[in-house]
Amino acid sequence: MDKLNLKECVLIDCVSFTAVSVILSLLSFNEDLMSGFDHTMALEVFACTTLISILMYPISRISFRSAVMAEAAKLLDVAVCVLGFGGSFGWFPWEGKYIFEACLIFVAVFIITSAVLFWQASSIANKINRKIREKEHETHH
Amino acid sequence: MGGVFLKIKVERVDDPCETEITVRCSKSSDQETRALLRQLSLYAGTVMGYRDGASHKLARQDIFYIETVDEKTFFYLNSEVYETPLRLYEWEEKLRDTPFVRISKSTILNTDKVSSVRPLLSGKLEAQLSNGEKQVVNRHYVRGFREKFGI
């Protein structure tokens with residue numbers, strides 16, 4: 001896992017807070033799904049995303065055996081903070097169904113963020129491979 | 001070469017002499033001419049590598065990557081490894097206008113040896129080299145890496 005610097009931790013905090021706030025705001029249109037997303041909860045969510053980013057800093061300095069384990073460690077960081085804050089601030093009843101819904105949300109945010117980074121890398125890789133093929137074509141002709 | 005017209009003059013002499021190349025171009029040269037100059041500088045360059053107590057003259061274009069291991073710096077060729085007394089950041093400076101680029105804290109890669117690239121998780125890239133080896137380009141260095149390919 002690449003070591004994160006403080007600037008990147010702040011960026012992760014901002015992006016994840018924005019993503020979570022948008023998701024919770026959309027869910028709160030349906031009272032059955034979500035109620036009471038107000039300024040207090042927004043600050044609690046910000047405290048949670050900030051703790052996630054703070055923990056990400058030392059985690060990024062651990063040498064994992066594989067990229068999958070590194071990603072799992074990041075997800076565990078998120079899980080501990082969300083479930084910890086969720087239980088403490090009473091975001092959701094501490095029951096299986098609600099814990100599962102909370103996990104779905106942060107896993108969705110995690111997947112979206114990872115997918116964006118992967119898509120970006122994929123786009124760059126395709127362009128580079130095209131350039132390499134063009135160069136090989138020129139060399140052989 | 002991609003639409004650029006080049007005049008090539010070759011002067012063969014009877015007396016043995018060192019091969020010399022003079023490139024005549026305008027001050028504001030286009031991308032293809034700059035790429036040509038980069039390739040020539042690579043071929044013109046030789047470096048000293050050390051192995052088993054002996055020094056060896058190595059052609060820069062034969063180096064696949066330069067890596068720091070246990071505070072020592074090594075040139076990795078197709079199947080040979082030579083040590084260099086210079087530090088990685090010194091090579092990064094010396095090789096600035098060549099196909100060599102920093103891809104991690106401990107590695108400088110010769111992009112001319114890259115045969116293909118694939119994406120990895122967390123925004124990294126994996127470069128497959130022409131000798132079958134693989135090198136990971138860390139996220140922080142992806143920009144510099146892709147710029148070497150003119151992207």
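Just one of (1) part of a helix (DSSP H, G or I); (2) more than 13 Å from the chain's Cα centre (by Cα) fails for A:Ser35. It is (1). Here is the figure for the stretch A:1-26: residues that are touching a residue at least 12 places away in the same chain (Cβ under 8 Å) and either out of contact with any His (no Cβ under 7 Å at 6 or more places or on another chain) or open to solvent by 30 Å² or more (accessible area, probe 1.4 Å) (or both) total 17. Do we find a residue being touching a residue at least 24 places away in the same chain (Cβ under 8 Å), of a type outside the set (A, V, I, L, M) and closer than 24 Å to B:Thr33 by Cβ anywhere in the stretch B:134-142? No; the residues of the stretch B:134-142 include none that is touching a residue at least 24 places away in the same chain (Cβ under 8 Å), of a type outside the set (A, V, I, L, M) and closer than 24 Å to B:Thr33 by Cβ. Take the conditions among the acidic types (Asp, Glu) and more than 20 Å from B:Phe149 (Cα to Cα) and apply them to B:Asp62. Does it pass? Against the criterion (among the acidic types (Asp, Glu) and more than 20 Å from B:Phe149 (Cα to Cα)), B:Asp62 does not qualify.
Mind telling me which of the residues B:Glu80, B:Glu93, B:Glu126 ends up being in contact with a Pro (Cβ under 9 Å, 6 or more places away or on another chain) and of a type in the set (D, E, K, R)? Among B:Glu80, B:Glu93, B:Glu126, only B:Glu126 is in contact with a Pro (Cβ under 9 Å, 6 or more places away or on another chain) and of a type in the set (D, E, K, R). The residue pairs whose first member lies in the stretch A:112-129 and is more than 7 Å from chain B (Cβ to nearest Cβ), whose second member is open to solvent by less than 40 Å² (accessible area, probe 1.4 Å) and outside any helix (DSSP H, G or I), and whose beta carbons are closer than 9 Å, counting only pairs six or more residues apart or on different chains, are A:Trp119/B:Pro119; A:Ser123/B:Pro119; A:Asn126/B:Val117; A:Asn126/B:Pro119. Looking at the stretch B:72-151, the strands (runs of 3 or more DSSP E) lying wholly inside it that each contain 1 or more residues that are facing chain A (nearest Cβ under 10 Å) and farther than 19 Å from A:Asn126 by Cβ sit at B:100-104. Going through (1) closer than 30 Å to A:Leu75 by Cα; (2) modelled with pLDDT of 95 or more; (3) basic (Lys, Arg) one by one, B:Lys105 falls short only on (2). Checking each residue in the stretch B:98-120 for being open to solvent by 30 Å² or more (accessible area, probe 1.4 Å) and within 9 Å of the chain's Cα centre (by Cα) picks out B:Asp112, B:Lys113.
The listed residues are A:Ala72, A:Ala79, A:Ala19, A:Ala108, and the only one of them that is within 30 Å of B:Gln135 (Cβ to Cβ) and aliphatic (A, V, I, L, M) turns out to be A:Ala72.
The values are calculated or read from the model by the stated rules, or taken from the named source; none is laboratory data. This one's a predicted model, so the numbers in the text were calculated from it and none came from an experiment. Ideal geometry is used to build each Cβ from the backbone, glycine not excepted, and the neighbour counts take in all protein chains shown. The accessibility values were calculated without ligands, DNA or RNA, using every heavy atom of the protein model including side chains. Shrake-Rupley method; radii C 1.70, N 1.55, O 1.52, S 1.80 Å.
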